[in-house]
Amino acid sequence: MTTTEEDDPMADAPDTQTADQKRYEEARRRVAEKKGFYVSLLVYVVINVVFLFVAGWGWLWVTLFWGMGLAVHAWHVFGRHSEWVQGWEQRQIQKELDRQKPPESV
């Protein structure tokens, strides 16, 4: 016996499972990004403390450039999803849509 759409009580239900799955996958991806950043930060701190004791201040230039890369990583993980960035994006999209409107005839 096969089930048809007529027999399936969930056939008319909205696609909430898919929406919930998408939200879950997005949350999971964001948590993985944050975890990756924290691991990178821990490695940065440990390696630089060790090299500070081993190589002295001559290692500072590497720490500086590595720190810049870590700052970019932090922005990628935390900054691009901020309310300020999302608000700016929405304002820019609206400005572009307004600019693309055809001129109103008189």
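Does any residue in the stretch 77-99 that is part of a loop (DSSP other than H, G, I, E, B) come within less than 9 Å, Cβ to Cβ, of a residue that is surrounded by 10 or more Cβ atoms within 10 Å (Cβ to Cβ) and modelled with pLDDT of 85 or more six or more places away or on a different chain, and which pairs are these?
Sorted first by the residue in the stretch 77-99, then by its partner, the pairs are His81/Arg30.
Out of the stretch 30-54, which residues are surrounded by 12 or more Cβ atoms within 10 Å (Cβ to Cβ) and of a type in the set (Gly, Ala, Ser)?
Gly36, Ser40
Inside the stretch 61-100, can you point out the residues that are of a type in the set (D, E, K, R) and surrounded by 10 or more Cβ atoms within 10 Å (Cβ to Cβ)?
Arg80, Glu89, Arg91, Lys95
The values are calculated or read from the model by the stated rules, or taken from the named source; none is laboratory data. Since the model is a prediction, treat every value here as computed from it, not as a measurement. Cβ: placed from backbone, ideal geometry, glycine included. Neighbour counts: every protein chain shown.
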